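The values are calculated or read from the model by the stated rules, or taken from the named source; none is laboratory data. A quick note: this is a predicted structure, and the numbers were derived from the prediction, not measured. All Cβ positions, glycine included, derive from the backbone under ideal geometry; neighbour counts span all protein chains shown. Heavy atoms of the whole protein, side chains included, go into the accessibility calculation; ligands, DNA and RNA do not. Shrake-Rupley method; radii C 1.70, N 1.55, O 1.52, S 1.80 Å.
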Amino acid sequence: MSDISLSNDAPAPPPSSIPDDPIQLPYELLSVVFHHFLAPFDFDDPATARSVRKTLCAAALVCSHWRDPAQRALNEHPLFTDSTHKPPIAWLNGEARKRYIVRKMDFATQRYGVDASDVRKVLEAAGSFLEEVRLGYITSGTSWTLLTLPAVSQLKRLTLPKLEWWDFPPGSEIPPLHLISLNLTLRRDPPNSALLCALVAAASTTLQTLELDLAEPGQPGAGADLVACLDAFLPIIAPKILHLVLVMHSKVDGIERVLARFSALESCTLDFRNELDHLPSLDAVADAIPNSIKTLVLGFERRRNPDPELGVVLAKVAASMQARTALKRIELLGVEEVKEPVTFLAECEAREIEVVLVPKVGLR
């Protein structure tokens with residue numbers, strides 16, 4: 001009878017069995033992985049920006065095969081944040097600008113800001129491949145003039161989280177923009193309504209996706225100024241929007257009326273980043289969503305204790321929407337399970353609606 005070893009340690013393979021050339025991931029796949037590090041994060045958080053850049057720098061040092069795709073991810077998407085200590089002018093004079101094609105730029109500064117003249121120089125030097133820009137804290141009353149640059153007119157995606165600090169003198173104009181996606185943050189004091197109207201009018205020909213970050217965390221509800229701001233510019237662009245994202249940190253009075261303006265939606269994301277008692281009636285929200293809707297995404301990432309009746313309410317939403325709309329898919333973000341899964345899932349299955357539960361995910 002042979003001895004039986006109780007050890008979990010497998011014997012090391014002989015040296016001759018170790019391949020001389022280990023399997024390597026394709027360059028294209030590595031590039032996608034490293035660029036993905038930059039995609040979903042909020043670089044208003046200095047710790048996040050520092051951590052992401054540190055990870056990519058470490059990846060570039062792993063081996064020669066990783067070096068170029070990691071460095072490319074770092075340099076094709078320059079980050080000008082408070083934590084990186086890398087002013088835009090330093091980037092202008094660096095070697096990276098000459099070696100890499102810049103497709104995205106992020107001026108995600110909070111405390112110190114960036115002067116508009118420096119931003120202008122960087123955007124003008126970025127080249128014709130620039131597709132996406134995020135303009136954070138710009139320390140100049142002429143910030144709005146950045147929207148008149150040729151480099152901005154060619155962008156596909158523009159994110160503006162600090163518009164409340166931008167001036168827009170009477171009689172000013174914004175030339176046509178070729179944006180496909182526009183992301184606006186409307187909190188605290190709403191921005192100049194004339195600026196918003198001019199911005200969406202300039203992009204109205206091509207714009208398909210609108211992302212609105214609404215209301216201030218901790219406030220009991222959106223003030224009248226924010227509602228008036230929405231009423232000023234949404235009629236210009238809402239009927240043409242195909243994809244809508246609404247992020248709500250507290251109750252937004254009249255959200256149903258806002259949704260009703262979007263008559264051509266194919267997908268709608270409602271991200272409720274608030275407490276349970278601030279949630280609007282999902283029935284009323286469902287009734288306001290247009291008949292053209294195909295995908296509905298509901299985010300509940302801040303709700304640690306979901307309402308036990310959520311499943312029942314969702315079943316009613318699915319039934320009422322499918323009866324009058326083209327709804328084919330419902331995604332629930334931040335929901336590990338629905339307390340009444342039989343009612344909700346059975347209703348969706350009977351109506352051929354795909355249901356996807358995503359336990360832990362945050363929106364951009």
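If each residue of separation counts as 0.36 nm, what is the full-extension length gain between LEU25 and ARG157 once their alpha-carbon separation is subtracted?
Numbers: separation 132, 0.36 × 132 = 47.52 nm, distance 3.02 nm.
Extra length available between LEU25 and ARG157 comes to 44.5 nm.
Near the amide H of VAL297, within less than 5 Å, lie the amide hydrogens of CYS268, THR269, LEU270, GLU331, all on another chain or at least 5 residues away, with H placed in the peptide plane. Placing pseudo-labels 7 Å out from each Cα toward the beta carbon at VAL356 and PHE129 gives an inter-label distance of 3.0 nm.
Remark: spin-label model distance CYS57-ILE180 equals 3.3 nm, labels positioned 7 Å along the Cα→Cβ axis.
Amide H contacts under 5 Å for ILE138: VAL114, restricted to partners 5 or more places along the chain or on a different chain, H placed in the peptide plane at 1.01 Å from N. Of the residues LEU179, ALA203, LEU92, the one whose Cα sits farthest toward the positive end of the charge dipole of region 91-206, with +1 on the Cβ of Lys and Arg and -1 on the Cβ of Asp and Glu, is LEU92. Here the simple spin-label model places points 7 Å from the Cα toward Cβ, and for LYS121 and VAL33 these points are separated by 3.8 nm.
Counting only the backbone N, which residues of region 121-152 are under 20 Å from the spot 7 Å out from the Cα of ILE89 toward its beta-carbon? Residues 121-126, 136-143, 146 fall inside that zone. When the residues ILE101, ILE138 are ordered by accessible surface, computed with a 1.4 Å probe over the protein chains alone, the sequence from largest down reads ILE101, ILE138.
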